[in-house]
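Everything on this sheet refers to the single structure shown next.
The values are calculated or read from the model by the stated rules, or taken from the named source; none is laboratory data. Here the structure is a predicted model, which is why all the values come from computation and not from measurement. Neighbour counts run over all protein chains shown; Cβ positions are idealised from the backbone, glycine included. Heavy atoms of the whole protein, side chains included, go into the accessibility calculation; ligands, DNA and RNA do not. Shrake-Rupley method; radii C 1.70, N 1.55, O 1.52, S 1.80 Å.
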Amino acid sequence: MSPSVVAALPRSVHTIQRALAQEAAHRKRAVDAGVEVRRSEAQRLVAEMAIDRLKDATRERIRTAPLTEAGFRTVQDVFAYGDRLQHLPGIGATTASRIRGAAQTIWQATYEEMPVRVDIAKPTPQTSELLHALGSWDATRKTRNATTDLARVEALAPFANRIGRDASDILVIAADATHDDFVEAVKAVDSRAALVGAAERSPAPADPWQDFMSRPADYFAMLQELGFLTEDDAAVEGGLPEEVIEAVRRFELDTEHLTASLRGYQSFGARFALVQRKVIIGDEMGLGKTIEALAVLTHLRAKGSQHALVVCPAAVVTNWTREIQSKSALRAHRLHGPGRDAALRSWTRQGGVAVTTYETLGWLTPAIGDLDELACVVLDEAHYIKNPAAQRSQRSARIIDRADRAILLTGTPLENRVEEFRNLVGYVRPDLIVDATDLRPRLFRQQVAPAYLRRNQEDVLSELPELVEVDEWLPMSPADHAAYRDAVYAGNFQAMRQAAMLQGPRSEKMGRLVEIVQEAEDNGRRVIVFSHFLEVLREVHAALPGQVFGPLTGSVPAARRQELVDAFSAAGHGAVLVSQIVAGGVGLNIQAASVVVICEPQLKPTTEWQAIARARRMGQLQSVQVHRLLSEEGADVRVTQILAKKRELFADFAAISEIADTAPEALDVSEAELVREVVDEERRRLFSGPSRTSQPA
């Protein structure tokens with residue numbers, strides 16, 4: 001064998017081993033920081049515990065009267081007094097030892113039961129250090145999921161350490177491998193080292209708080225991986241039959257091509273889909289059904305499969321392609337809109353994940369029939385095929401039959417729509433006997449259990465209340481686009497911002513808003529809808545069914561505002577409060593709402609933060625879901641991009657939350673500057689002409 005084949009191997013092995021050592025060091029730092037956060041929080045609680053808690057810890061065997069008479073108020077006072085305890089009147093050496101033992105027992109129990117929480121409203125030095133350590137650890141975890149390559153490094157390391165630079169020929173003899181296997185292993189290690197080396201030059205987040213706020217799910221997944229968040233096994237398993245649970249537990253998930261961290265319940269959901277082959281995942285909105293499906297697709301790719309398909313509503317095609325690109329190493333192909341023919345040819349030849357819509361299945365079906373294999377089809381918003389008589393349902397059913405595996409995603413609980421849900425079950429498991437005439441939810445759940453997994457946020461997210469933020473990138477309908485084009489031509493920036501919400505039933509944003517409200521009702525949640533514009537609020541109030549309160553605007557007297565909030569809080573599930581974002585975003589507690597919808601991006605980040613904080617505050621027992629309705633083109637894109645760049649300018653500050661507390665205006669941008677930039681850019685894009693910007697309202 002020529003020495004050139006292994007020339008780079010020693011350096012490659014060294015690079016990977018150095019990366020592993022760095023990762024281990026950062027991981028230890030993160031563990032130590034988490035322990036300190038937990039210790040600090042336990043200390044705070046013990047300092048607030050009444051001294052009488054010592055009785056509970058000793059089943060009334062300790063008298064606390066002498067402690068109370070000596071001025072002791074909390075359990076922490078016992079630790080502060082230390083060895084002097086035995087000299088207090090009525091307390092000898094034996095009793096003092098028992099008291100200190102009881103206090104230590106309380107402290108230890110408090111510490112062990114204490115989850116690690118990160119409160120963005122109350123940053124502490126301990127949580128700042130924890131986020132910094134987690135961000136640094138995540139930046140160095142570039143060998144994560146590379147199990148096969150790491151095994152190759154371990155096997156080749158002794159050989160790499162003995163290679164001489166002056167060798168003219170190399171003879172390799174392996175009892176259980178061929179020459180080609182050896183060369184392939186060397187090339188894989190060299191390739192992995194190149195990736196690791198490039199990653200080493202990527203710095204950790206400059207502002208860990210900002211990074212945490214932009215991707216909290218990744219940080220919580222890391223905390224769970226380190227053992228600082230726990231899950232209830234029964235809740236994670238979703239009431240599945242015991243034999244299915246055991247099979248899922250035994251299944252090993254290969255995440256080599258997945259670049260995002262998985263929560264325990266997400267890993268369980270992915271393994272459930274792989275074990276049962278064709279299933280419905282009905283996790284509540286905000287739990288990450290998309291990442292569960294991606295984990296399945298990356299596992300199949302690691303096992304040699306080439307082609308997968310995602311079918312979804314047109315409104316979420318962009319979201320799916322972005323998620324595939326940002327959270328996996330899989331290639332995404334957009335088989336929708338202009339360029340879909342070329343994308344289809346690319347997917348057919350190169351493999352990857354094709355993303356298409358229910359409406360384009362008729363065009364796509366012949367091509368799918370020509371594929372050698374279709375490893376998996378994912379059908380998002382599966383209620384779109386609840387009617388078996390519909391053409392798109394029939395086309396979807398044929399693709400489900402054609403695919404080796406299928407995952408139907410829906411956030412709607414089956415208990416509310418038994419008949420429709422039975423139809424969905426029939427697509428994936430026609431062999432299951434489901435009696436839809438007996439509408440007892442428990443019985444029905446048992447019948448569909450082999451094919452259906454659902455978990456609620458409150459059951460599996462121990463760190464609640466959590467903020468779950470979803471950017472809903474939506475296409476413009478023809479009516480939306482026409483209104484937007486007219487507004488750009490007139491140079492009317494505020495009309496540009498409203499255009500996609502004022503077209504009634506022809507508005508993509510309004511249609512998505514109706515869906516969010518319906519799903520919130522199905523999941524027992526209430527909704528608050530924010531907009532800057534009064535006309536948008538009036539349109540929303542008229543378009544939404546059910547109990548709609550408001551609009552709550554700046555002209556509504558303070559007393560009347562509270563009456564509206566009280567009536568909304570007392571209303572049933574699915575109730576909606578419609579509010580101007582400035583009026584509802586300050587001074588009111590709207591914690592009855594756990595779903596927040598923002599109809600257009602705001603020009604000042606602090607406006608959104610304050611509005612969200614009205615719902616996400618002490619007393620909120622549910623996680624808070626924030627949906628931002630954003631158009632795929634136009635002002636929404638430009639405003640979002642500009643504000644993202646502006647936020648990056650503040651990365652030099654130690655913690656963005658501290659700046660926001662002391663000087664909220666520091667995070668805002670010049671509105672006049674932003675208006676000019678967006679209008680000029682849009683006029684060039686649509687008309688290639690100069691700006692005629694009207695004054696912002």
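Can you report the number of residues in the stretch 132-154 which are small (Gly, Ala, Ser) and either modelled with pLDDT of 75 or more or over 13 Å from VAL189 (Cα atoms) (or both)?
4
Against the conditions (1) touching a residue at least 60 places away in the same chain (Cβ under 8 Å); (2) under 29 Å from ALA449 (Cβ atoms); (3) of a type in the set (A, V, I, L, M, F, W, C), where does ALA329 fall short? Just the number, please.
The one condition ALA329 does not meet is (2).
Could you tell me which of the residues VAL311, VAL317 is under 19 Å from the mean Cα position of the chain (by Cα) and open to solvent by less than 20 Å² (accessible area, probe 1.4 Å)?
Testing whether each residue is under 19 Å from the mean Cα position of the chain (by Cα) and open to solvent by less than 20 Å² (accessible area, probe 1.4 Å) leaves just VAL317.
Quick check on the stretch 333-358: of everything there that is closer than 24 Å to LEU274 by Cβ and assigned to a helix (DSSP H, G or I), which residue is most open to solvent (accessible area, probe 1.4 Å)?
Taking the candidates together, the pick is GLN350.
Quick check, is SER97 in a helix (DSSP H, G or I), more than 28 Å from VAL116 (Cα to Cα) and small (Gly, Ala, Ser)?
When the stated conditions are applied, SER97 passes them.
Looking only at the stretch 543-563, how many residues end up being open to solvent by less than 70 Å² (accessible area, probe 1.4 Å) and at pLDDT 85 or above?
Qualifying residue count, the stretch 543-563: 7.
Given GLN22, GLN104, GLN17, which one is open to solvent by 70 Å² or more (accessible area, probe 1.4 Å) and either under 30 Å from HIS179 (Cα atoms) or assigned to a loop (DSSP other than H, G, I, E, B) (or both)?
GLN17
Among what's in the stretch 369-384 and is in contact with a strand residue (DSSP E or B) (Cβ under 7 Å, 6 or more places away or on another chain) and not in a strand (DSSP E or B), pick the residue that is surrounded by the most Cβ atoms within 10 Å (Cβ to Cβ).
ALA382
Tell me which of these LYS122 doesn't satisfy, since it passes every other one: (1) open to solvent by 70 Å² or more (accessible area, probe 1.4 Å); (2) in a helix (DSSP H, G or I).
(2)
In contact with a Lys or Arg (Cβ under 8 Å, 6 or more places away or on another chain), within 30 Å of GLU237 (Cα to Cα) and either open to solvent by 20 Å² or more (accessible area, probe 1.4 Å) or in a loop (DSSP other than H, G, I, E, B) (or both), is that true of LEU330?
When the stated conditions are applied, LEU330 passes them.
Being in contact with a helix residue (DSSP H, G or I) (Cβ under 9 Å, 6 or more places away or on another chain), surrounded by 13 or more Cβ atoms within 10 Å (Cβ to Cβ) and modelled with pLDDT of 90 or more, is that true of even one residue in the stretch 429-438?
Scanning the stretch 429-438 turns up at least one residue that is in contact with a helix residue (DSSP H, G or I) (Cβ under 9 Å, 6 or more places away or on another chain), surrounded by 13 or more Cβ atoms within 10 Å (Cβ to Cβ) and modelled with pLDDT of 90 or more.
Being modelled with pLDDT of 80 or more, more than 26 Å from the chain's Cα centre (by Cα) and of a type in the set (D, E, K, R): is that true of GLU256 here?
Considered against the rule, which asks whether it is modelled with pLDDT of 80 or more, more than 26 Å from the chain's Cα centre (by Cα) and of a type in the set (D, E, K, R), GLU256 comes out as no.
Yes or no: ARG497 farther than 23 Å from ARG525 by Cα, modelled with pLDDT of 80 or more and open to solvent by 40 Å² or more (accessible area, probe 1.4 Å)?
no
Among the residues in the stretch 203-210, are any polar (S, T, N, Q), at pLDDT 75 or above and open to solvent by less than 60 Å² (accessible area, probe 1.4 Å)?
Within the stretch 203-210, one or more residues are polar (S, T, N, Q), at pLDDT 75 or above and open to solvent by less than 60 Å² (accessible area, probe 1.4 Å).
Restricting the search to the stretch 214-257, which residues are part of a helix (DSSP H, G or I) and open to solvent by 50 Å² or more (accessible area, probe 1.4 Å)?
Matches in the stretch 214-257: SER214, ALA217, GLU225, ASP233, ALA234, GLU242, GLU243, GLU246, ARG249, ARG250.
Quick grid of which residues meet (1) among the charged types (D, E, K, R); (2) at pLDDT below 90; (3) on the phi < 0 side of the Ramachandran plot; (4) within 22 Å of the chain's Cα centre (by Cα):
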residue: GLN325; (1), (2), (3), (4): no, no, yes, yes
residue: SER328; (1), (2), (3), (4): no, no, yes, yes
residue: ARG334; (1), (2), (3), (4): yes, no, yes, no
residue: ARG340; (1), (2), (3), (4): yes, no, yes, no
residue: ARG345; (1), (2), (3), (4): yes, no, yes, no
residue: THR348; (1), (2), (3), (4): no, no, yes, no
residue: THR356; (1), (2), (3), (4): no, no, yes, no
residue: GLY362; (1), (2), (3), (4): no, no, yes, no
residue: ALA367; (1), (2), (3), (4): no, yes, yes, no
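What tally of residues in the stretch 265-288 results from selecting those that are part of a loop (DSSP other than H, G, I, E, B), open to solvent by 10 Å² or more (accessible area, probe 1.4 Å) and among the charged types (D, E, K, R)?
Qualifying residue count, the stretch 265-288: 1.
Determine whether THR298 is in contact (Cβ under 8 Å) with a residue 12 or more places away in the chain and in contact with a strand residue (DSSP E or B) (Cβ under 7 Å, 6 or more places away or on another chain).
Yes: the conditions hold for THR298.
If I filter the stretch 452-486 down to residues being hydrophobic (A, V, I, L, M, F, W, C), out of contact with any strand residue (DSSP E or B) (no Cβ under 6 Å at 6 or more places or on another chain) and open to solvent by 10 Å² or more (accessible area, probe 1.4 Å), which single residue comes out as farthest from GLU682 (Cα to Cα)?
Across the stretch 452-486, the extreme among qualifying residues is LEU464.
Just the residues that are touching a Phe, Trp or Tyr at 6+ places or on another chain (Cβ under 9 Å) and open to solvent by 30 Å² or more (accessible area, probe 1.4 Å), please, taken from the stretch 29-44.
Those that are touching a Phe, Trp or Tyr at 6+ places or on another chain (Cβ under 9 Å) and open to solvent by 30 Å² or more (accessible area, probe 1.4 Å): ARG29, VAL31, VAL35, ARG38, ARG39, GLU41, GLN43.
Considering only residues of the stretch 518-542 that are open to solvent by less than 10 Å² (accessible area, probe 1.4 Å) and part of a helix (DSSP H, G or I), which is nearest to ALA592 (Cα to Cα)?
ALA520
Please determine, by comparing only the residues of the stretch 289-304 that are among the aliphatic types (A, V, I, L, M) and at pLDDT below 95, which one is surrounded by the most Cβ atoms within 10 Å (Cβ to Cβ).
Among them, the one singled out is ILE291.
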